[in-house]
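Shown next, in structure tokens, is the structure this report addresses.
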Amino acid sequence: MKFAPLLLLATVALLIALPWLVSGSMLNAAVQMLIAALFAMAFGLLCGQAGMLSFGHAAYFGVGAFAAVHAMNAFGGAGLLPTPLLPLVGGATGLISGLVAGYFSTKRTGVYFAMITLALAELLHALASHLKAVFGGEAGVSSFRMPAWGIGFGSLTDVYFLTLVWTLLCIGLLYLFSKTPLGRITLGLRENAHRLRFLGYNTHALGTLIFAISAMFAGIAGALQSMNIEAANYVVLESHISTAVVLNSFIGGVRVFLGPAIGGAVMTFFGYVTSDLTRVWLLYQGIIFVLVMMFLPRGLVGELVERLRHRSGQGVARSLGATLLRLLCLAVAAAGAVFLIEFLQRFLSSEYRAGVSEGNWPAISLFSYDWAPLSVLPWAVGLGLFGLGIALVVTVNRRVADRQEAQA
Amino acid sequence: MALRTFARSTAAMALAIGATAAGAEPLKIALVETLSGPQASTGLLYRDAVKYQIGKINDAGGFGGEPIELLEYDNQGGPVGAADRVRAAISDGADVILQGSSSAVAGQVTEDVRKYNLRNAGNEVLYINLGGEAMELTGAKCHYYHFRTSPNAAIRVNTLLDGMSEAGVLGGKVYAMNQNYSWGIDVQDNTVAAADRLGFTVVEQTLHDVNKIQDFSPYVQRIQAAGADTVITGNWSNDLLLLMKSASGAGLDVRFGTAFLDQPGNIGNAGAVAEGHFLSAPFNPEVNQDQTAGFMEDYKSVTGHYPSYVEPVTVFGMMLLQEALKAVEPTEDGLNAADLAVALENATANTPMGTISMRAADHQAVLPMIVQEVSRDAVYKADNTEFGFVPIKVIAARDAEQPVQASCKMKRPG
């Protein structure tokens, strides 16, 4: 794996060059992706490495966001806390709230742990709408990024670099942490907490510490978010933020180091692009999650790493060829499914029903063609492509299996 | 590829030179609404209404001889998505941003627009708030480039109380039952403030959790114990339905005065339980029949359903924008938003409900309100039930108007 450092350098170089390569709208998406990646990494430390599934990480993200926005208003970007250092406030509040919440929740494990984290997050969410002075009520708390260190922080590019530096720094720190003795024991906590205790470790203190560190990085991500949008609103404490980070991390692969980050970035990008193209993007997101969990339970990155690690006797080129062929067949099936879903969505929309009169079903325009809903054609195209794709995947799989058997 | 771009730009230039008189660029208006997810139903109503009236404006010639382009963005239900989409809309060239379905999102959008305008003087964008009714949007958070075309808590509550009082159904004992967040608190404060003016006593005030309560019977017992004649509530969705059903189940003889009883599905869900309860809203299909009937049918022929809930007031707000656009001269790069802001401050529009205008002091629309009752006699039924809304009193725009909040300190340009 000599090419790993090279790959890393190339990625960082690409990220630095990004503002000159993509449009403003995409740069905006990139900022969101970086924040989601850092948040997912914070969650990944707790869930992937320490084996504690938290359902309430929005709380620490939100605490960081509000702390940063209040600090931004209090210091005006000058004095002790210039604008670029504001995420430290988010990190500090995340750490403190993580210590408190972690102390209680890590007293239990498994489902009970998850329930406590969920309850604590909901407690904060319920409180937030009542405490107008702190959480700003329905309209939220807003702020203004002030110039500091000779940087204006008005343009999106400045915000992008601020987010990029903090995200890379935090991911770097998380990597170094995973190499420390404490980081290694974290894995022990996941694998067998009882044995760890017999060895003389204080697992409760250990769990609390890991929880707090995870909450600290979540707080930094929250601070970056509120600096990006120059506001914080108590909807960041809602449970769907907590579930989104769980989904993102698992889609990426929660047990490999960069898995959650890539999952977070990919799914944020997916939402960013598809939400303007189709009204049913949430359905696609759900389908992707279900498919990943069914067929790639290690997650996208986890599966990739696994494949690269266990290269079998057959050549790399051949296994790559088979994978590409599978992806191609899957693309056919996906095209069919997307066509069917989009066609149905338009067919069932209120606008379309408005145009329907007695026995008159106007054609539906989709992918720059007009389809008559009562004819067989659109249904045949959708179902046909989907069926063909699935059949092809099955055939390819069977062939690969046969060949492996022949070799064995 | 390069050649094609070159050819295209040459063609565009030739067109532009040939057609300078017809105006240069079409005006772009961006709708940043919740179009997917659990809160999408209201967002889609705003979209229908905006599309309807933009269609009307374009039929009448658009702006500067070009049809207006409506860009749609999905804010994904929250302030974070909205902040993103506002940026995207501005970078796509939008001069006006429309949004309505949530005050949380409105709070984000109005601040984003304010900051963008501070950083990009001379290149301002306008935010037309179609439905975020939180008081602070025209209070502490008011600014020159934000305009609200919907009513707010003060207008809703005061017109409701005036109408019920005049109809003689308010009674002397009023119970204020609201959700414990900024909107509910605004409704409660306005109810209490009107007590002396209308000669009733507020027997008790309750703020409860938002959309968490499944069993309202303890609250109903408190209403009963207080001996209230009327319950004034800003509750919406389940909190309103469950409260009314629980009161009816306990055999309680009180009248509800509400702000959002006309939300689609409410009457269908509540049925006879809603009968006799009151609502103050900016529209009723039975007012001004000669004009309104035409509007109802035309709206239905375009969108497939009669306008209800937030749709009429959204259409009226867009009418106000239409009138303002008539008073603005197109510039070379489309539209100068500062000119449009001046024009909007002076605009009035004739809607089927009466004249609406924009108040310059805090950019709150001044619009007529209709106090109405749920009844079997309604001409237009709601949700395919036998019930609908019958107008009890039309409150003219100047009587519905409420004082400018002291917290609004608007900085005017120049």
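General observations
- Complete set of residues in the stretch B:39-86 that are under 18 Å from residue B:298 (Cβ atoms) and within 20 Å of the chain's Cα centre (by Cα): B:45, B:47, B:48, B:49, B:50, B:51, B:52, B:53, B:54, B:55, B:56, B:57
- Members of the stretch B:165-205 that are aliphatic (A, V, I, L, M) and under 24 Å from residue B:404 (Cα atoms): B:176, B:185, B:187, B:192, B:193, B:194, B:195, B:198
- Verdict on residue B:182 being in contact with a helix residue (DSSP H, G or I) (Cβ under 6 Å, 6 or more places away or on another chain) and polar (S, T, N, Q): no
- Check on residue B:17, in the same structural domain as residue B:338 (by TED's automatic domain parsing) and modelled with pLDDT of 80 or more: no
- In the stretch A:129-162, the residues that are within 19 Å of residue B:138 (Cα to Cα) and either more than 12 Å from chain B (Cβ to nearest Cβ) or surrounded by fewer than 19 Cβ atoms within 10 Å (Cβ to Cβ) (or both): A:132, A:133
- Close pairs (8 angstrom Cβ cut-off, 6 or more residues apart or separate chains): more than 9 Å from every other protein chain (Cβ to nearest Cβ) in the stretch B:35-47, among the β-branched types (Val, Ile, Thr) anywhere: B:42/B:34; B:42/B:310; B:43/B:34; B:45/B:310; B:45/B:314; B:46/B:310; B:46/B:314
- Where strands (runs of 3 or more DSSP E) fall wholly inside the stretch B:124-205, the ranges with 2 or more residues that are in the same structural domain as residue B:396 (by TED's automatic domain parsing) and over 16 Å from the mean Cα position of the chain (by Cα) are B:173-179.
- Here residue A:83 clears all of (1) modelled with pLDDT of 90 or more; (2) closer than 30 Å to residue B:138 by Cα except the condition numbered (1).
- Leading residue by the ranking (nearest to the other protein chains (Cβ to nearest Cβ)) among those in the stretch A:227-262 that are under 15 Å from residue A:32 (Cα atoms) and out of contact with any Phe, Trp or Tyr (no Cβ under 7 Å at 6 or more places or on another chain): A:229
- In the stretch B:64-81, of all residues being over 14 Å from residue A:25 (Cβ atoms) and touching a strand residue (DSSP E or B) at 6+ places or on another chain (Cβ under 7 Å), the one that is most open to solvent (accessible area, probe 1.4 Å) corresponds to B:69.
- Checked across the stretch A:254-263, the condition of being among the aromatic types (Phe, Trp, Tyr), open to solvent by 50 Å² or more (accessible area, probe 1.4 Å) and in contact (Cβ under 8 Å) with a residue 12 or more places away in the chain holds for at least one residue.
- The set of residues in the stretch A:253-301 that are touching a Ser or Thr at 6+ places or on another chain (Cβ under 9 Å) and either not assigned by TED's automatic domain parsing to the domain that holds residue A:36 or not in a helix (DSSP H, G or I) (or both) comprises A:257, A:278, A:279, A:280, A:299.
- Of all the criteria given as (1) away from chain A (no Cβ under 13 Å); (2) assigned to a helix (DSSP H, G or I), the one not satisfied by residue B:70 is (2).
- Residue count for the stretch B:90-105 under the criterion of being within 13 Å of chain A (Cβ to nearest Cβ), under 13 Å from the mean Cα position of the chain (by Cα) and in a loop (DSSP other than H, G, I, E, B): the result is 2.
- The residues listed here are B:314, B:351; of these, the one that is among the hydroxyl-bearing types (Ser, Thr, Tyr), within 30 Å of residue B:168 (Cα to Cα), modelled with pLDDT of 90 or more and in contact with a helix residue (DSSP H, G or I) (Cβ under 7 Å, 6 or more places away or on another chain) is B:351.
- Screening the stretch B:380-398 for residues that are open to solvent by 60 Å² or more (accessible area, probe 1.4 Å) and within 19 Å of the chain's Cα centre (by Cα) and picking the one that is nearest to residue B:143 (Cα to Cα) gives B:398.
- Every residue from the stretch B:110-154 that is within 12 Å of chain A (Cβ to nearest Cβ), within 24 Å of residue B:45 (Cβ to Cβ), open to solvent by less than 10 Å² (accessible area, probe 1.4 Å) and free of Cβ contacts under 8 Å to residues at least 40 places away in the same chain: B:110, B:113, B:129, B:132, B:137
This table checks each residue for (1) buried (at least 23 other Cβ atoms within 10 Å of the Cβ); (2) touching a Leu at 6+ places or on another chain (Cβ under 6 Å).
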| position | (1), (2) |
| --- | --- |
| A:26 | no, no |
| A:56 | yes, yes |
| A:62 | yes, yes |
| A:69 | yes, no |
| A:94 | yes, no |
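- Considering the stretch A:1-112, the qualifying helices (runs of 4 or more DSSP H), each wholly inside and each with 3 or more residues that are within 14 Å of chain B (Cβ to nearest Cβ) and under 29 Å from residue B:88 (Cα atoms), run over A:24-44, A:58-75.
- Residue in the stretch A:103-112 that is under 19 Å from residue A:161 (Cα atoms), open to solvent by 10 Å² or more (accessible area, probe 1.4 Å) and within 23 Å of the chain's Cα centre (by Cα) present: no
- Within the stretch B:175-221, the set of residues being facing another protein chain (nearest Cβ under 10 Å), closer than 18 Å to residue B:158 by Cα and of a type in the set (Val, Ile, Thr) comprises just one member, B:185.
Yes/no matrix, rows are residues, columns are (1) within 30 Å of residue B:41 (Cα to Cα); (2) more than 14 Å from every other protein chain (Cβ to nearest Cβ); (3) touching a Cys at 6+ places or on another chain (Cβ under 9 Å); (4) not hydroxyl-bearing (Ser, Thr, Tyr):
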residue	(1), (2), (3), (4)
A:330	no, yes, no, yes
A:366	yes, yes, no, yes
A:369	yes, yes, no, no
A:392	no, yes, yes, yes
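- For the criterion of being assigned by TED's automatic domain parsing to the domain that holds residue A:221 and without any contact (Cβ under 8 Å) to a residue 12 or more places away in the chain, residue A:131 passes.
- Any chance residue B:365 is within 27 Å of residue B:286 (Cβ to Cβ), in a loop (DSSP other than H, G, I, E, B) and either open to solvent by less than 20 Å² (accessible area, probe 1.4 Å) or not polar (S, T, N, Q) (or both): no
- Residue identified as part of a helix (DSSP H, G or I) and at pLDDT below 80 among A:326, A:353, A:311: A:353
- Pick from the stretch A:268-292, criterion more than 10 Å from every other protein chain (Cβ to nearest Cβ) and open to solvent by 60 Å² or more (accessible area, probe 1.4 Å), ranking: nearest to the chain's Cα centre (by Cα): A:269
- Lone qualifier among A:172, A:188 - being at pLDDT below 85, in a helix (DSSP H, G or I) and away from chain B (no Cβ under 14 Å): A:188
The values are calculated or read from the model by the stated rules, or taken from the named source; none is laboratory data. Because the structure is a prediction, the values reported are computed rather than measured. We place every Cβ from the backbone using ideal geometry, glycine too, and count neighbours over all the protein chains shown. All accessible areas refer to the heavy atoms of the entire protein, side chains included, with ligands and DNA or RNA removed. Shrake-Rupley method; radii C 1.70, N 1.55, O 1.52, S 1.80 Å.
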